[in-house]
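Visitor: Dropping a structure here in structure tokens format, bear with me for questions.
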Amino acid sequence: MTIDARMESYDIEATAAWIRQGKFSRVALQLPDDALNDAADVARAVISALNDGVESATMSRTEVFVLADTTFGSCCVDEVAAAHRDADAIVHYGRACCSPTSRTPARFVFGRKPIDVGACVRALMSHAERVRDACAADEAPRALVCVADQEYFWALDALRRALNATKTNGEGFVTIADAVHVEVVPSRDAGVNAEGESGGFTRVGASRFRTASGAKGDECAYVWIGGDGPAMTHAMLVLSDVAEKHGGVAQYDPSNDGDVRVDADGASEMSRALKRRRYLIARAKEAQVVGIVAGTLGVAGYRDVIADLRRLIANSGRESYTIVA
């Protein structure tokens, strides 16, 4: 693969436009470990895009540098490491938890995986027909919500256009969940919940949706667009209660270009994770001493969350200790 082909997945032009618009002077590039081989090329490409079409005398003086290591998990924007270099903006590449930052503006670049839009839409519409035909009229879901993995976010608009072009998607029965903001502004996003509903939208990881029919969560059927893995397990855990009414979360894997499968690859892993979660909740209820592990110091509101937890634990007559991982 050529350098130009690799750079397409790093969204260079849009990133440079965001840096120029924000007038940032020190920009940190945060790449996951498996992409560090591309770090120098990405930095050069961003600098080149910032200076593209600009006279040499007025070239951008923005300093672009790479964070060599992350303080916490690679999915989190590392404000701690960026602060050591006085960065006023961070570009986060790869899979992200999309938690709001506390101080520093950030931009998420999720990467890209190929998807056949036409094949995907045909599979989704076929599945929608099967879901409606399998239920009595008063028990059928009011919408089919499709939640995509982050690496397919780039194709969401194309999927919607293809769906709108079909005559069988009456009243917007099939809904493609949108991506959350890829550009994080602390003053705007500090109050955004990682999960739950806000502004009429239901949030699932890095996706959010609001159906055309106004259907509630348990009135919808769900499809995961992507392969199996931690992201799929997380989505299935979040949707497990509301999706159970209509058979759980189905799966369409673009790497196979086949049909939507009701028995998703991640179903067994999700079942194990759900059992473990319930077991740990039971253990936590019985514990007399509770440890609060702060996995990151760069998420907005983490101090308030820790303070609330300590207050709840104290009110229950137990002790707590806070640990920074």
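Visitor: Quick one: Karplus J couplings for the range 111-119, per residue in order, coefficients 6.51, -1.76, 1.60, θ = phi - 60°, nearest Hz, x for Gly and Pro?
Guide: Coupling constants for the range 111-119: x, 9, 10, x, 8, 8, 4, x, 5 Hz.
Visitor: Can you give the helix-only mean residue ellipticity at 222 nm for the chain, where every DSSP H stretch with n ≥ 4 adds -39500 (n - 2.57) and the sum goes over all residues, rounded to the nearest 500 deg cm²/dmol?
Guide: Values: 10 runs with 115 residues, N = 325.
Roughly -11000 deg cm²/dmol at 222 nm, from the helical runs in the chain.
Visitor: Let me ask you something else. Show me the ranking of peptides 223-235, 247-259 by mean Cβ neighbours inside 10 Å, starting with the highest.
Guide: 223-235, 247-259
Visitor: Separate question: Given points 7 Å out from each Cα along the Cα-Cβ axis, report the Ser316 to Ala140 separation in nanometres with one decimal.
Guide: Between Ser316 and Ala140, the simple spin-label model gives 4.5 nm.
Visitor: Given axes a ≥ b ≥ c from the Cα gyration tensor, I'd like to know whether the chain is rounded (a/c under 1.5), prolate (a/b larger than b/c) or oblate. Let's see the in-between values first.
Guide: On the way: a/c = 2.09, a/b = 1.16, b/c = 1.80.
Oblate, because a/c is 1.5 or more while a/b does not exceed b/c.
Visitor: On to the next question. List the aspartates and glutamates whose Cα sits under 18 Å from the Cα of Lys275, skipping any in the same chain fewer than 8 residues away.
Guide: Lys275 reaches Asp241, Glu244, Asp265, Glu286.
Visitor: Take Asp218 and Asp69, extend 7 Å from each Cα along the Cα→Cβ direction, and tell me the distance between the two endpoints in nm.
Guide: Spacing of the two 7 Å Cα→Cβ label points: 4.8 nm.
Visitor: In the chain, what % of DSSP beta bridges are antiparallel (nearest 5)? List each step's numbers first, then the result.
Guide: Numbers: 12 of 43 bridges.
Antiparallel bridges make up about 30 percent of those DSSP assigns within the chain.
Visitor: Hey, what's the range 252-325 come to in accessible area per residue, 1.4 Å probe, Å²?
Guide: Numbers: 5230 Å² over 74 residues.
Computed with neighbouring chains in place, this is 71 Å² per residue.
Visitor: Can you pull the one-decimal nm distance between simple spin-label points at Lys275 and Ser25, each 7 Å off the Cα toward Cβ?
Guide: 5.8
Visitor: Using the per-residue mean of other Cβ atoms lying within 10 Å as a proxy for protection, in what order, highest first, do the peptides 269-279, 150-160 fall?
Guide: 150-160, 269-279
The values are calculated or read from the model by the stated rules, or taken from the named source; none is laboratory data. Every value quoted in this text rests on a predicted model; they were computed, and no experiment measured them. Heads up, the Cβs are rebuilt from the backbone with ideal geometry, glycines too, and the neighbour counts pull from every protein chain shown. For the accessible areas, the whole protein counts, side chains as well, though only heavy atoms, and no ligand, DNA or RNA atoms are used. Shrake-Rupley method; radii C 1.70, N 1.55, O 1.52, S 1.80 Å.
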